[in-house]
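Enquirer: For reference, the structure I am asking about is given below.
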Amino acid sequence: MDVRDALKTPRMEIIGIPSTATYGQALDIVLNSNHTRYPIYEENMDNIIAVFHAKQLLSWSLDQTQILQQFTDNNPLYVFEFHSIEKVFKQMLKERKHMAIVLDEYGGTNGILTNEDIIEAMIGQEIKDETDVDEEALIEEFSESRIVCNGKISLHRLNEVFRTDIPEEEDILSGFLLREFGYFPKVGDTYVYEDLHFEIKEVEDNKLRTIEIVKQTNE
């Protein structure tokens, strides 16, 4: 599979922020959209120079006289549409990027690609907002120190229920684990993050169906 197979946001659908935008202009764009990250462009979309994360609005609001570039990732990742998504995904993991700018053979912008797009293409799983999923139905077993749940559970809900602090850079548990493993795990594979022990219990149709998480103690 190449980037074209995972690309969901073509050039014409990109919502970006001009590099000259003020705090108020950037805020207006973010409030009228439903995205986390926005390409920053000079003159037109063929010249994307940075990426802005919506959470930076809070820091920017403290001193609205500062320029946009003070709050952006000024080294965006550029990839070509013919690159394999496996190669791009590994590069995104290595460089800790969540968005890539997809270029055509002439160097123009063809679209943008996110981690979610690649994860969905790789594991065949539609990543949904937590409001679209019955979160309680995704929890099979639960105690203070152990939870068994579906990989589609949102990280926000998991942290809330299990009283954990898993980074919410990805939307769902499967996305977090796929990123941490760096490959598609099989049944029995384990991963340790801080005091949490993850074990893949069930995989079905290239989906992480069941995952056990146990809180480890130092006793």
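The values are calculated or read from the model by the stated rules, or taken from the named source; none is laboratory data. Computed from a predicted model, the values in this text were never measured in an experiment. Every residue, glycine as well, gets a Cβ built from its backbone with ideal geometry; the counts of neighbours run over all protein chains shown.
Enquirer: Restricting attention to strands (runs of 3 or more DSSP E) lying wholly within the stretch 138-219, give those where 1 or more residues are among the hydroxyl-bearing types (Ser, Thr, Tyr) and within 20 Å of the chain's Cα centre (by Cα). Step through it out loud before you land on a result.
Expert: Working: elements: 139-142, 146-149, 190-193, 196-204, 207-215.
Filter on the stretch 138-219 gives 190-193.
Enquirer: Can you give me the ranges of the strands (runs of 3 or more DSSP E) entirely in the stretch 1-111 with at least 1 residues that are free of Cβ contacts under 8 Å to residues at least 24 places away in the same chain? Let's see the steps before the verdict.
Expert: Values: elements: 37-41, 48-53, 77-80, 99-103.
So the answer is 37-41, 48-53.
Enquirer: To continue, here is another question. Which of the numbered conditions does ILE40 fail, given that it passes all the others? Conditions: (1) aliphatic (A, V, I, L, M); (2) in contact with a Ser or Thr (Cβ under 9 Å, 6 or more places away or on another chain); (3) closer than 24 Å to ARG4 by Cβ.
Expert: Among (1) aliphatic (A, V, I, L, M); (2) in contact with a Ser or Thr (Cβ under 9 Å, 6 or more places away or on another chain); (3) closer than 24 Å to ARG4 by Cβ, the lone unmet condition for ILE40 is (3).
Enquirer: Across the stretch 56-68, what is the total count of residues that are closer than 30 Å to GLY107 by Cα and out of contact with any strand residue (DSSP E or B) (no Cβ under 8 Å at 6 or more places or on another chain)?
Expert: Of the residues in the stretch 56-68, the ones closer than 30 Å to GLY107 by Cα are 56, 67-68.
Restricting the remaining residues to those that are out of contact with any strand residue (DSSP E or B) (no Cβ under 8 Å at 6 or more places or on another chain) gives 67.
Adding up the residues that qualify gives 1.
To keep it simple, each residue is scored yes or no on (1) of a type outside the set (Asp, Glu); (2) more than 19 Å from the chain's Cα centre (by Cα); (3) over 14 Å from ILE17 (Cα atoms).
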| site | (1), (2), (3) |
| --- | --- |
| ARG37 | yes, no, no |
| MET45 | yes, yes, no |
| ALA54 | yes, no, no |
| SER61 | yes, yes, yes |
| VAL79 | yes, no, yes |
| LYS90 | yes, no, yes |
| GLY107 | yes, yes, yes |
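Enquirer: Going by the structure shown, is GLU194 out of contact with any Asp or Glu (no Cβ under 7 Å at 6 or more places or on another chain), crowded, with 16+ Cβ neighbours inside 10 Å and among the acidic types (Asp, Glu)? Even if it seems obvious, please write down each step before you answer.
Expert: Working: out of contact with any Asp or Glu (no Cβ under 7 Å at 6 or more places or on another chain): yes; crowded, with 16+ Cβ neighbours inside 10 Å: no; among the acidic types (Asp, Glu): yes.
Spelling it out, it is not the case that GLU194 is out of contact with any Asp or Glu (no Cβ under 7 Å at 6 or more places or on another chain), crowded, with 16+ Cβ neighbours inside 10 Å and among the acidic types (Asp, Glu).
Enquirer: The conditions are (1) at pLDDT 85 or above; (2) small (Gly, Ala, Ser); (3) closer than 27 Å to PRO10 by Cβ, and ALA121 fails exactly one of them. Which is it?
Expert: (1)
Enquirer: Hey, could you check the stretch 32-60 for residues that are aliphatic (A, V, I, L, M) and in contact with a helix residue (DSSP H, G or I) (Cβ under 9 Å, 6 or more places away or on another chain) and say which is surrounded by the most Cβ atoms within 10 Å (Cβ to Cβ)? Lay out the reasoning, then the answer.
Expert: Filtering the stretch 32-60 for residues aliphatic (A, V, I, L, M) gives 40, 45, 48-51, 54, 57-58.
Right, trim to in contact with a helix residue (DSSP H, G or I) (Cβ under 9 Å, 6 or more places away or on another chain) and you get 40, 45, 49-50, 54, 57.
On the way: ILE40: 24, MET45: 18, ILE49: 15, ALA50: 19, ALA54: 16, LEU57: 16.
Only one residue fits best here, namely ILE40.
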